[in-house]
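Structure first, then comments.
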Amino acid sequence: MLDWITANPGWAGFAIFVLAFLESLVIIGFLLPGIFILFGVGAMVGLGVTGMLPIWVGGTLGAIAGDLVSYWVGYRYQQRLKTMWPFSRYPGMLLRAGEFFRKHGAKSVVIGRFIGPLRPVVPATAGMMGMSARRFAAVSIPACVLWTPAYLVPGMVFGASLEVASDYAGRLALVLALAVGIVWLALWLFRMLYEISAVYSARWLRRAIRWSRRHPVLGRIAGPILDPSQPEVLSVSMLGLLLVVALWGFVLLMFLAPFGPEPGARDLAVMGWAQTLRNDITDPFMVGISQLSRWWVLLPTSVATLLWLMGAQRIDAAAHWLVAMAGGLVLQALMALSLRATPMIQAVENEHVYIPSAHLTLATVVLGFFSVMVAKELKRQHRKWPYLAATVLLTLLLFARVYLGLDWLSGALAGFVLGLAWTAIVGMAYRARAKRHFQGGVVAAIFYGTLVLTLAWQVQQNLAPGLESVRVTLPEMTLSNSGWWDEEWAELPIDRTRSRSMASRRFNFQLVGDLEELVAPLEAAGWQYAEADDWRWFLRALNPEANKSTLPLTGKNYLGHRETLVLRLPVRADDQQLVLRLWDSGADLEPGGDTVWLGQFHREDLVKRLWLFSYWKAGLPEPRDIERLQSTLSGDWRFRQVRQDLWLVRSK
């Protein structure tokens, strides 16, 4: 449907009328994802595909018509509605709607319009319970007028933001989307499993414990550990189940990605995509997150926690904490001696075997076992929070290390599951033996406080050298001077990024020559160096009256490298300019050693979206723009068109 609206924007209002009408109908409304479609249509409005007014009018009229039909159905059939499908099979739907209506009265019509599960049933309930048609219309119509923009505006903001992101910061947008999506998925899985275990684990585990204790072989092992009289028997059993799952996951990784001298195809594919996502805005954040796996963060945090436990005379807890940390260090050392090197170190042929994924093992043990230990001391409704915090931190750490090339994906996952297995082993022992309680809030403040302070310290110390160490190296290549001009130009990349980011995706020329000699005639013709942008660009973009003097161009990346040169030439008032960008390709010509520069030459227009912000949108140059550039450089530079969208330029 969204594709059809894109192809037929003139019919968008009618299409949204039909959608809103069906989405508001009793019964049918349950089957349509109207909210998502309205969000998508709002994104189209933000992208400028269609206008806001016809969508608003169509959505409002459709919602009003649907509500009135649903009201008539309820008024016409009254209590017989309960005998119709699906209410006959799911009577709770009408029962809950009736209770909601009795509690809130006319306000329920307004509230129900904005709550998906209630929207198709509240109007029918109002009719079934005898609300007058005039009173229903008096509250339903204003709600419908407000409902359409309420779901369109978020999509409009998203669409306008997406256009900015795809044109200027496609990699940044994709990295943020991936990070948020992966963290959300990890939290969703954890909460789902936690809630299921909280509801059903007691019954299941008690049955499993009784069975295992009666088993002739397992009873010898489970008997002393899974004593039903112990208060922590369920926690010990859950940790045992976690141990089995972690070991099974590690064995599965051994089959899917055997650790040999060379990485597997999946690891190479993930690393290839990670390199195309690299950009100078995201890299510092990822380097900062990766500091979480450094010894100078994890060890001081562990020592501070150990000292507090010993000072509070919680010897059992301190002993298990010490065993957990020592075991994590042993696992780290064993992995460093057995598994293959990391992508970044392998790329530079470092002789030392060093496995950062082993650091992920230690981070998992520190964060995981602390969660197991402190959750025991919290109230039942608060026990999930340490686990949620550990889930977020470990997920971000794993993502950052793979993104930066510090780990292969399989190595990072292996380090995580091994750390999880050791956490489960020590956690079982601790939960079975620890008797004395301690102040969970105090030790949590010490643990997380030390973690934050040491992390900030390490970020300050290692951000600059860390960025330099993980900098993506450009693909080195040597071409012949004549060969590049004739046909070897085809060996160089044609895309700046894999993301399909409109006109700003492709390089449209390659250049060989001294950049100072290039800049001199361009400056004489009115070209100017573009102002460097920074994070304040987002604030300056919020000016609806922006122009070329107040809103700078945003930088673009090629393999995580910013442009070496950016020049601009105003061509029309304050809302249009020609822009020339150059990147080092990594290729040199022999003889002479001249660098081959990859370039983009675009006409950029000032675009204003939603009366909120402005930005420069890149578009393909017109033929007259190419002629203008040629005439400016005609004295000392040669041009050759090798494809419809690619020019070669070299000094004479």
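Electrostatic tally near residue 648: other residues with Cβ closer than 9 Å to its Cβ, Lys and Arg +1, Asp and Glu -1, net +3.
Evaluate the relative contact order of the range 584-652 (contact order divided by residue number), counting alpha-carbon pairs under 8 angstrom at least 6 apart; express in whole percent. Walk me through the numbers on the way to the answer.
Working: 67 pairs, mean separation 11.6, N = 69.
It comes to 17 percent, rounded to a whole number.
Distances between placed amide hydrogens fall under 5 Å for residue 566 paired with 530, all partners being 5 or more residues away or on another chain.
Taken one residue at a time, the phi angles of the range 414-420 give Karplus couplings (6.51, -1.76, 1.60, θ = phi - 60°) of 5, x, 5, 6, 5, x, 5 Hz. Gly and Pro are set to x. Distances between placed amide hydrogens fall under 5 Å for residue 553 paired with 531, all partners being 5 or more residues away or on another chain.
For the peptides 179-186, 644-651, what is the packing order when you average, over each peptide's residues, the other Cβ atoms within 10 Å and list the highest mean first? Could the numbers behind the result be given before it?
On the way: 179-186: 13.8, 644-651: 15.8.
In decreasing order of mean packing, 179-186, 644-651 become 644-651, 179-186.
Under Stokes-Einstein, with the Kirkwood radius over Cα pairs as Rh, the value for the range 477-651 at 20 °C and 1.002 mPa s is 126 µm²/s.
Neighbour counts of C-beta atoms inside 10 Å place 64, 55 in the sequence 64, 55, starting with the fewest. Database remark: amide H of residue 648 closer than 5 angstrom to the amide H of 510, 640, 641, 642 (H placed geometrically; neighbours at sequence offset of 5 or more, or on other chains; Pro and chain starts carry no H).
Ranked highest first by average number of other Cβ atoms within 10 Å, how do 454-465, 558-569 line up? Provide the component values of the computation, followed by the final result.
Values: 454-465: 15.3, 558-569: 19.3.
Top to bottom by mean Cβ count within 10 Å: 558-569, 454-465.
Only the coordinates and a few stated rules stand behind these numbers; no lab work does. Quick caveat: nothing in here was measured; it's all calculated off a predicted structure. Backbone-built Cβ (ideal geometry, glycine too); neighbour counts: all protein chains shown.
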